[in-house]
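Here the structure comes first, spelled out in structure tokens, and everything after it is commentary.
The values are calculated or read from the model by the stated rules, or taken from the named source; none is laboratory data. These figures come from a predicted structure and were not determined experimentally. Glycine also receives a Cβ, built like all others from the backbone with ideal geometry; neighbour counts cover every protein chain displayed.
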There are 4 protein chains.
Amino acid sequence: MSSDRVLNAAVLGATGTVGQRFIVLLSQNPMFKIHSLGASERSAGKPYAQATRWKMSEQMPEAVRNIVVKSCDPALYEGCDVVFSGLDASAAGDVEKAFLESEFAVFSNAKNYRMAEDVPLCVPVVNTDHYAVVSAQRAARGLKKGFMVTNSNCSTSGLVVPLKALQDKFGPLSRVIVTTLQAISGAGYPGVASLDILDNIVPLVPGEEPKMEAEVLKILGGVSSDASVCSPLQDLRVSATCNRVPVVDGHTECVSLEFAGEPPSIDAIKQCLREYTCEVQALGCFSAPAQVISVTDEEDRPQPRLDRNAGAGMSVTVGRIRPCPVFHVRFTLLVHNTILGAAGASILNAEYAAKKGYIV
Amino acid sequence: MSSDRVLNAAVLGATGTVGQRFIVLLSQNPMFKIHSLGASERSAGKPYAQATRWKMSEQMPEAVRNIVVKSCDPALYEGCDVVFSGLDASAAGDVEKAFLESEFAVFSNAKNYRMAEDVPLCVPVVNTDHYAVVSAQRAARGLKKGFMVTNSNCSTSGLVVPLKALQDKFGPLSRVIVTTLQAISGAGYPGVASLDILDNIVPLVPGEEPKMEAEVLKILGGVSSDASVCSPLQDLRVSATCNRVPVVDGHTECVSLEFAGEPPSIDAIKQCLREYTCEVQALGCFSAPAQVISVTDEEDRPQPRLDRNAGAGMSVTVGRIRPCPVFHVRFTLLVHNTILGAAGASILNAEYAAKKGYIV
Amino acid sequence: MSSDRVLNAAVLGATGTVGQRFIVLLSQNPMFKIHSLGASERSAGKPYAQATRWKMSEQMPEAVRNIVVKSCDPALYEGCDVVFSGLDASAAGDVEKAFLESEFAVFSNAKNYRMAEDVPLCVPVVNTDHYAVVSAQRAARGLKKGFMVTNSNCSTSGLVVPLKALQDKFGPLSRVIVTTLQAISGAGYPGVASLDILDNIVPLVPGEEPKMEAEVLKILGGVSSDASVCSPLQDLRVSATCNRVPVVDGHTECVSLEFAGEPPSIDAIKQCLREYTCEVQALGCFSAPAQVISVTDEEDRPQPRLDRNAGAGMSVTVGRIRPCPVFHVRFTLLVHNTILGAAGASILNAEYAAKKGYIV
Amino acid sequence: MSSDRVLNAAVLGATGTVGQRFIVLLSQNPMFKIHSLGASERSAGKPYAQATRWKMSEQMPEAVRNIVVKSCDPALYEGCDVVFSGLDASAAGDVEKAFLESEFAVFSNAKNYRMAEDVPLCVPVVNTDHYAVVSAQRAARGLKKGFMVTNSNCSTSGLVVPLKALQDKFGPLSRVIVTTLQAISGAGYPGVASLDILDNIVPLVPGEEPKMEAEVLKILGGVSSDASVCSPLQDLRVSATCNRVPVVDGHTECVSLEFAGEPPSIDAIKQCLREYTCEVQALGCFSAPAQVISVTDEEDRPQPRLDRNAGAGMSVTVGRIRPCPVFHVRFTLLVHNTILGAAGASILNAEYAAKKGYIV
């Protein structure tokens, strides 16, 4: 199929905050038409505008207001070319499996299948090479055209981008310590209680640290020589500490890292990050940012309110790049947690898949 | 002189936010009577209530409302036994020197003399042993009874408390990486602009990182064998990354550390922190906390709004103590940045000095 | 019974935010001993420290940590002299009735019985004269010693204090328009979602406006000549608009009002508010504030963070008293919504009841 | 001159927050080209990117980064067709007068000339009929093509829109009481100190209340029969109480109002607001919103974070339209304070002027 055909898209978990972000982004994307919206039984049967407590700063797109929400049964989604899942992990396991087995192209934002060895865990500006395992995935699961690609945890998304650029240029990394300051939108709605976060910090994001520590290794790794499975890195050690802060959108991450080999200079690091490019740019994908990494020399940047919209939320901003007295270099990065960190990544993964002919 | 006499106290920089905190704490402290208030020429001559834009949640103590503010000339402070300085660094250099040379006991919260080798940089629950250099300080500067003791940067204050406990029990540390989430009150008034911090993080606290990295080494170090100077640690490497967050009071710090020798178990670390005691407690100093380190097992604590007042702001709360995949252990601590991190430390330093006969 | 005996107190709804505030205040009050803690079946049987997600800035009092929470069955509360209810309205209706009929002295913070004509709706610094209906309440309900007193909605509590002072001095008011800016703690936990209130205002507090508009009339009214029922005002019109704002504690209220008769001067109004006193002060009740109304002449006060703790949260701060181009006078007031606006009022109501011999 | 020519625009006060908003909006507006940027002597001579601490969420437009900032001397602005002033009131008086006398078309956001009787105070979706005094303004001041139009205070901008719609349809209003909850961006940078607004409200916006109370009368009034001066309303009384709240952008206003004559029904009011249209829409001005007033029936709207971008910041959202127990109707409105409330209004005023041939 031509990569230029407008694809019919379904959004599962459409009433949640990730689902709402999918809808905002898809409504601005010429490659997709929102065809179906899926949610829980409680919402099914209602027009979307009525089923949803809309929490985006952007107005709800007119085109979806009257779409009748369906339950998440694959039989109801005939005519959809791609299925985006913004489902909670509690529902995603069964539902996504059902859609996959029904031969849909599934792009999931949930954690359930991220670590499955035949499922690409793909940050689209980092490791589209992992799509190589899709054939093996289909073979192993007896599928003809269905397949699943997941995107990473929101905090992971920001971290792997500069790490990938550095690893490609300067060779393997050995140790990374990262501390995050994560926005409340990552927790959905109602999510974080205001009494927990006004004039306060919560020094825990449940489940986040092990996810980050594992996902980085898979994303920065490769695929096996027979392209049957993903091959996570073995020799990189990652320590993540995750905090929730009173910011609406945009995760800030403070990173110290050590190279396995001879470390490059700070200037070389800056240049490497600035020059980093990736395949989705070369292919001209609609959601690919012009600049994958926006390197700032202003000493008090990146800041969530000022930088989260860089590259329409698809760029990672990296600043405060300086020597680390303990490791080799430290820096602070910012990623839009619901765009590159969630819905935007999923959509760009689908654009890539379409361009490369995976969606059939 | 008896340690039980009520001491006449002066507060320099009395109209600023640190000065205001000094006044709140001193007004509740039976050991001191507020005798004189010093500030800039602009405020001098006015009653305190009129010279000050009061920003504390506690009401301004009645006893200070009508005290006429003086300029910071030592000749005007006759009758004062101790001088607390909450001056800005821009003024503190000359003024504190003048008071010292006028034979006052000076307890400074400013950075100017912290790294002078004959001046104790003392977090009173950590290293009162550094008072040993006071005699040498007097000798070197030709003083009879005057001396100066500084307290540390607010972020340093929180960090050194558990590090000291661990170092005392398990031997030297080799590497520490710390990321802070610092409250706005640390920047004074007007300080941080609201446009910079509402729905935002500022990933820089100007000047803070080098201060933390240097002060930790001095505080955790000892004094020379002839008690003439302080001897900072040589073999500990510290990397600090400092962020400003939308929290009013209370600095949160995420720490990963490595021991030089064999690491203890997580349980042994918890027990060590819980059992840590110090000299100001043994002496029964009024401001000494009952528990120096409050160890919490709740997985989402410490939190600034809930824990900053532990031990009336003089305890450090440590939580999330767990293994670090990169170093040996990681944890999150909370310190009240204007109490143990500033005015409270200074006052407890003075209480200690009085008990030990330094104030003559 | 002597008013000086320490009374055994029960707190119903003890695990909620109002219940937590009751516990903090009672633990500092020499007149009461916390005897029993009641909550839902889910919490019953657990030690309080385990049953509760503590959200107060003050540490949980040691004395309650190990009290085993009970269900809200009056039979389990033998030995309690007073029962404080911080129950949600959904539970309060039945439970409070059961305790009342079991002959307990019930002090309720819930809305359920506030408008019952034989139940005092009492802001203790305003209308303790409404206790006159207690005899009739007992008679009508066949009770010997049990009775119920409610306190008002948190926003009402702040508003009626200056209105009462003005009405007493200058005669009836005719019209009041009030707009509130209410703190999140009023909504309990988890209460307001952070996505609804960070960088945001919610222009609705569900159910609040009709409560305010009705409660003001009852509180500012009197009792019938035979002391059988409360007699709400007939001729005052009140319009309330209620907003939720990103403040932890402290409701701000902007008031414009019209006197029925000749309006006093602004100076006379200020003097009247400053001089206002009430019966709980005269009786020396422990929780009565020294100054009922704190009038401020600073043009940018009251402010929640700076003024909510005036009078230990039992004073109302009134500022910006100035002519109104539409009515006679306008001003801005601040009330601590969980102290004078909730638990503190309830406790002071009980102190008053004890002093006056109602608790038998 | 044709209204379709692209106009060369200057922005005075270009480095401030209003100036930054002008730049963002102008860079997206096909009718204008940013030609010159003016600021204080301190900034003059520097490239804009270097002279400015950029505080917008939108990235600084590439086209302005290298424009060299000029001082505000009219002689330096040759070639500019329109001059937008975002100057502080302290500078605007002299500078705007100088540009006016140099025959520029001046669109000012400052307060200095708003109440001058021959200067239109124009909210472009409300009272473009006031442009009728421009001829008299030129005549009185001896100008050939220069003229000045001001826009209103940010809070006034929101209020007058529904008032105008109601007055046009239902006849004069007699009394309005309004309480505002204003965003921090209205105070510029650094503006409000974070210690004043985190977990806090400031119940005063200096100078704002008298401005609102006077500007409403001028805007809702007409022009004299000879079109020589503006004629403010005489019979409307307005009481404004202004608060600063922790919101970045978007002023919320709670309004109660009384009609001079028979009041319409709530439904008629809603319909009137929904149907309101204005001249800039009819002319097809680029910045005119499709819907001037967005009426919402959701009971907890408008909210700043969700509604401030309605109509690209040029619509006013009105909700909670309901009867008022004291006056006739009350409602809550939201206006984007730096778009319709400042730079956006000024730009739309200029678009209107161009369309109508005032810019020559």
Quick one: would you say A:ALA240 is in contact (Cβ under 8 Å) with a residue 12 or more places away in the chain, over 18 Å from B:CYS254 (Cα atoms) and either part of a loop (DSSP other than H, G, I, E, B) or of a type in the set (A, V, I, L, M, F, W, C) (or both)?
no
Residue pairs, Cβ under 8 Å, 6 or more apart or interchain, first in region C:94-115 and free of Cβ contacts under 8 Å to residues at least 40 places away in the same chain, second crowded, with 24+ Cβ neighbours inside 10 Å. List them.
C:ALA98/C:CYS72; C:ASN112/C:GLU96; C:TYR113/C:GLU96; C:TYR113/C:VAL119; C:TYR113/C:MET148; C:TYR113/C:THR150
Between residues in region A:195-224 that are farther than 24 Å from A:ARG114 by Cβ and within 13 Å of chain B (Cβ to nearest Cβ) and residues that are buried (at least 20 other Cβ atoms within 10 Å of the Cβ) and polar (S, T, N, Q), which pairs lie under 6 Å by C-beta distance while being six or more apart or on different chains?
A:ILE197/C:SER194; A:ASN200/B:GLN303; A:ILE201/A:ASN243; A:ILE201/B:THR252; A:PRO203/A:ASN243; A:PRO203/B:THR332
Tell me whether region B:335-356 contains one or more residues that are among the aliphatic types (A, V, I, L, M), within 29 Å of B:ASP267 (Cα to Cα), in contact (Cβ under 8 Å) with a residue 60 or more places away in the chain and within 11 Å of another protein chain (Cβ to nearest Cβ).
no
Among the residues of region B:314-347, write down those that are in contact with an Asp or Glu (Cβ under 6 Å, 6 or more places away or on another chain) and among the aliphatic types (A, V, I, L, M).
B:LEU333, B:LEU334
A:GLY284 of a type outside the set (A, V, I, L, M, F, W, C), exposed (fewer than 14 other Cβ atoms within 10 Å of the Cβ) and in contact with a Gly (Cβ under 7 Å, 6 or more places away or on another chain):
no
In region B:155-181, what count of residues is obtained for those that are free of Cβ contacts under 8 Å to residues at least 60 places away in the same chain and on the phi > 0 side of the Ramachandran plot?
0
Those residues of region A:40-61 that are under 21 Å from A:ALA345 (Cβ atoms) and away from chain C (no Cβ under 14 Å) come to a total of 2
Counting just the residues of region A:51-102 that are charged (D, E, K, R) and within 23 Å of A:TYR113 (Cα to Cα), which one comes out nearest to the chain's Cα centre (by Cα)?
A:ASP88
Out of all the residues in region A:231-248, which are buried (at least 24 other Cβ atoms within 10 Å of the Cβ) and more than 7 Å from chain B (Cβ to nearest Cβ)?
A:ALA240, A:CYS242, A:ARG244
Restricting region C:1-12 to residues that are out of contact with any Cys (no Cβ under 8 Å at 6 or more places or on another chain) and not β-branched (Val, Ile, Thr), the residue that is modelled with the highest pLDDT:
C:LEU7
Being away from chain C (no Cβ under 14 Å) and in a helix (DSSP H, G or I) narrows A:VAL160, A:VAL178, A:VAL126, A:VAL149 down to just A:VAL160
Just for helices (runs of 4 or more DSSP H) wholly inside region A:1-117: which have at least 2 residues that are crowded, with 19+ Cβ neighbours inside 10 Å?
A:17-27, A:48-51, A:89-101
Would you tally the residues in region A:181-195 being touching a helix residue (DSSP H, G or I) at 6+ places or on another chain (Cβ under 7 Å) and in a helix (DSSP H, G or I)?
5
Here is a list: D:THR332, D:THR317. Which entry is at the interface with chain C (Cβ under 9 Å from one of its Cβ atoms), polar (S, T, N, Q), buried (at least 24 other Cβ atoms within 10 Å of the Cβ) and part of a strand (DSSP E or B)?
D:THR332
Check B:TYR276 against each of (1) surrounded by fewer than 18 Cβ atoms within 10 Å (Cβ to Cβ); (2) away from chain A (no Cβ under 13 Å); (3) touching a residue at least 12 places away in the same chain (Cβ under 8 Å) and name the one condition it does not meet.
(1)
Looking at the structure I just gave you, is D:SER57 in contact with a Ser or Thr (Cβ under 6 Å, 6 or more places away or on another chain) and under 30 Å from A:ASN309 (Cα atoms)?
no
Just need a number here: residues in region D:246-273 that are under 21 Å from the mean Cα position of the chain (by Cα) and either among the aliphatic types (A, V, I, L, M) or within 15 Å of D:GLY319 (Cα to Cα) (or both).
9
Assess whether A:ARG322 counts as being of a type in the set (D, E, K, R), surrounded by 23 or more Cβ atoms within 10 Å (Cβ to Cβ), within 14 Å of another protein chain (Cβ to nearest Cβ) and more than 16 Å from the chain's Cα centre (by Cα).
no
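For (1) farther than 27 Å from D:THR296 by Cα; (2) not in a loop (DSSP other than H, G, I, E, B), each residue gets a yes or a no:
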{"residue": "C:LEU143", "(1), (2)": "yes, no"}
{"residue": "C:THR156", "(1), (2)": "yes, yes"}
{"residue": "C:ASP199", "(1), (2)": "no, no"}
{"residue": "C:GLU209", "(1), (2)": "no, yes"}
If I filter region B:285-311 down to residues being more than 18 Å from B:PHE331 (Cα to Cα) and touching a residue at least 40 places away in the same chain (Cβ under 8 Å), which single residue comes out as nearest to the other protein chains (Cβ to nearest Cβ)?
B:ARG305
